[in-house]
Amino acid sequence: MSTLDKLLLCRLRKGIVTVPVEIQKVEQMGAELKKAINARFRRSFNIREVDTGSCGICEAEIIAANNPVYDVARFGVNFVASPRHADALLVTGPVGKNMLLALQKTYDAMPEPKLVITLGDCALDGGIFKESYYVEGGVSKILPVTLHIPGCPPTPLEIIEALLGLLKQ
Amino acid sequence: MTHKDEVYIEAAADNFGALCLSLHKEHCSPVMGMFARELKDDYRIYCAFISVKLKKWFFATLDIPKDNPQFPSIAKEIYSANLFEREIREMFGINPIGNPDNRRLRLHEEVWPKGSFPLRKDFVPPKEKPEGREYPFAKVEGEGVFEVPVGPVHAGIIGPGHFRFSVAGEPIVNLELRLGFSHRGVEKLLENKIPSAAVRLTECVAGDSAVAHSWAFCHAVEKIGGIKVPERAAIIRAILLELERMYNHVADIGGMAIDVGFSHPAALASIIKESIHSLNQRLTGSRFLKGINVIGGVARDIGNLDGLDSIMADFKDLKGILLSSVSFLDRVEPTGILRRETAENLGVTGLAGRASGIAIDLRQGFMETYNKLDYKLSTYSSGDCLARLKIRIDEFEGSAKLIRRLLENLPQGEILASDINFKEGYSLGYVEGWRGPVLYWVNLDGEGKIDRCKIIDPSFRSWQGLSYAVLGEIIPDFPLCNKSFDLSYPGGDL
């Protein structure tokens, strides 16, 4: 029995009825993800996140992917504080003009080889803010993007699924 | 058309300041919002005050000619007007004479040229080179004083903002915020849109307050058109607003625990949050309650709220763990004190205001749906992180009670008004979101399209509260103080 099961069972005994997600699916995808990360990244795939002006809930879902229910860290996906430690840059938001320089600098600070992943509809092409005078509209105009995770926002499960899809290739 | 809860008083340039000052003093209200709007030959300035006693909003208005765009600053007498005046100067090029701070809030000097004002009607995206001027932070000088710059890219997974700390040894002697990194020009994007097509955009102003923002916008439009929202729809909106409050409050309670390194309750809090998200998903199809508010009601009906009991049982555990841990309480009390007087001067309202003793909550007397429910307001006077934590705990429990009572009152019937129309006029929509009052002042033109929409998220005013609360604290306590306010970057930056 995994720690997560124990934790949830403990809550279940206390009477939690709302078991949040299909735990089975998380476990199964997580196991695959772990295998892929072990093979390609020697057990840890490190991500640095940058918000370029999102409305805040893409971040909330990334944080949720780290909560005890999903806990992506146990599969080898770590969110790191410094771009120097990162294998991938995860970008949210439509790229506001004010964030352009910070985004570029964060990318430049990462060691090679490096990946760029975009998350959320805004990061693809500016999304709902596309027409604005203050957004650049899409990360791919600025950095080479390998993977886009669509959604407004994508759920933690979708984030795990997308990462798995990328790393299995 | 006039609305019974809004009073507009016209002033001239020479008595605008005096009028504002008398409204400010008479109603004990900060400047809740101050904004401009473009007319044919004039600009009109609105300055909004709230009267908790009369349950009304008072607006002082001033017309100023376009060929001489300036007005006397009122920020010297009423400090809470300061940021709004700077915003008006930046967005409209109207000069508040006497306000010495001409630094821009959102259109950063590094990337935006001088003399281009986005909210003017004749605005075209500028081709000129940016001004390139460096932002002058307030400098603290002296032996042993260090400056610590943080952001806009932070260590954690949060929004972008720049914090400039000046420290003498350990204690913070000055904190300056530079925000605007999330500026997306929402107010301009809303212009010329049909209101029904704009609701979706208002949800994205601050995604964690999607219900509050879209409801406030719908409220304004519904007031203008005299659209009667069916009672069932109004109650569904209130239930969802309380669910939004609950998932955000529990996230912050957990966040405050993690910021002092207390990970066990933080894990429990995030499980509770996840449970509320999945409840949201089941009720509305969206974990963040997006896409539910529409003009005239709600887009879909909700099912039962099974699971709320177990969420509350878990929350009781969480509360017990936190409030019985001496070492945790030692960290949060009395850390990050925002004194009542400072909060009043800055115009801090909502959750952070209530923790400093300012008893304003729009759910008491302002929002119709809540009138029938006897809602107990929770306030504390200490203004520290513990007070803000306790407010969250009280409101989480309060919200659950409110939801139960709202469910009892939920009548059968329609969920969408039948007489939806968009006609000319203006009005203020307001909702007490989880951070505080969310205000939307909307003006529709003759075709029923949005001419001007001013969005006021409580974060805009409250960010300054944070920079006062951390004074004298040490930098390692900053994350805790920040979390205890948990203000919105995108909500303040628009």
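The values are calculated or read from the model by the stated rules, or taken from the named source; none is laboratory data. In this text, all values refer to a predicted model and were calculated from it rather than measured experimentally. Positions of Cβ are generated from backbone atoms using ideal geometry, with glycine treated the same way; all protein chains shown enter the neighbour counts. The protein model used for the area step is the full one, side chains on, heavy atoms only, and it has no ligands, DNA or RNA in it. Shrake-Rupley method; radii C 1.70, N 1.55, O 1.52, S 1.80 Å.
A few remarks follow.
- Qualifying residue in segment B:380-389 (condition: small (Gly, Ala, Ser), open to solvent by 70 Å² or more (accessible area, probe 1.4 Å) and in the same structural domain as residue B:194 (by TED's automatic domain parsing)): yes
- So residue A:47, is it touching a strand residue (DSSP E or B) at 6+ places or on another chain (Cβ under 6 Å), among the β-branched types (Val, Ile, Thr), open to solvent by less than 10 Å² (accessible area, probe 1.4 Å) and under 20 Å from residue B:270 (Cβ atoms): yes
- Of the residues B:104, B:89, B:44, the single one that is outside any loop (DSSP other than H, G, I, E, B), closer than 19 Å to residue B:492 by Cα and either without any contact (Cβ under 8 Å) to a residue 24 or more places away in the chain or touching a helix residue (DSSP H, G or I) at 6+ places or on another chain (Cβ under 7 Å) (or both) is B:89.
- Which listed residue is crowded, with 23+ Cβ neighbours inside 10 Å, among the aliphatic types (A, V, I, L, M) and either over 21 Å from residue A:64 (Cβ atoms) or in the same structural domain as residue B:436 (by TED's automatic domain parsing) (or both), from B:257, B:313: B:257
- Residues that are surrounded by 20 or more Cβ atoms within 10 Å (Cβ to Cβ) and within 8 Å of another protein chain (Cβ to nearest Cβ) within segment A:128-147 comprise A:129, A:132, A:134, A:135, listed in sequence order.
- Check on residue A:67, at the interface with another protein chain (Cβ under 8 Å from one of its Cβ atoms) and either at positive phi or assigned to a loop (DSSP other than H, G, I, E, B) (or both): yes
- Lone qualifier among B:100, B:118, B:130 - being under 15 Å from residue B:186 (Cα atoms) and not polar (S, T, N, Q): B:118
- Count - residues of segment B:151-165 that are β-branched (Val, Ile, Thr) and open to solvent by less than 50 Å² (accessible area, probe 1.4 Å): 2
- All told, residue A:78 falls short of being assigned to a loop (DSSP other than H, G, I, E, B) and either buried (at least 20 other Cβ atoms within 10 Å of the Cβ) or at pLDDT 90 or above (or both).
- Qualifying residue in segment B:424-431 (condition: over 16 Å from residue B:202 (Cβ atoms) and open to solvent by 20 Å² or more (accessible area, probe 1.4 Å)): yes
- Inspection of segment A:83-105 finds no residue satisfying the criterion of being loosely packed, with under 14 Cβ neighbours inside 10 Å, more than 7 Å from every other protein chain (Cβ to nearest Cβ), part of a loop (DSSP other than H, G, I, E, B) and modelled with pLDDT under 95.
- Only residues that are under 14 Å from residue B:269 (Cβ atoms) and within 8 Å of chain A (Cβ to nearest Cβ) were counted across segment B:303-312, and they come to 1.
- Residue in segment B:214-224 that is within 11 Å of chain A (Cβ to nearest Cβ), farther than 25 Å from residue B:473 by Cα, modelled with pLDDT of 90 or more and surrounded by 14 or more Cβ atoms within 10 Å (Cβ to Cβ) present: no
- Odd one out for residue B:229, checked against (1) in a helix (DSSP H, G or I); (2) open to solvent by 10 Å² or more (accessible area, probe 1.4 Å); (3) among the β-branched types (Val, Ile, Thr): (1)
- Residues satisfying the stated conditions in segment B:166-194, i.e. crowded, with 21+ Cβ neighbours inside 10 Å and under 30 Å from residue A:78 (Cα atoms): B:179, B:180, B:181, B:182, B:183, B:184
- The combined condition, being within 21 Å of residue B:118 (Cβ to Cβ) and either among the charged types (D, E, K, R) or in a strand (DSSP E or B) (or both), is fulfilled by residue B:64.
- In segment B:101-134, residue surrounded by the most Cβ atoms within 10 Å (Cβ to Cβ) [restricted to those that are more than 26 Å from residue B:42 (Cβ to Cβ) and away from chain A (no Cβ under 11 Å)]: B:131
- Selection of segment B:247-284 for residues being more than 12 Å from chain A (Cβ to nearest Cβ) and closer than 21 Å to residue B:237 by Cβ yields B:249, B:284.
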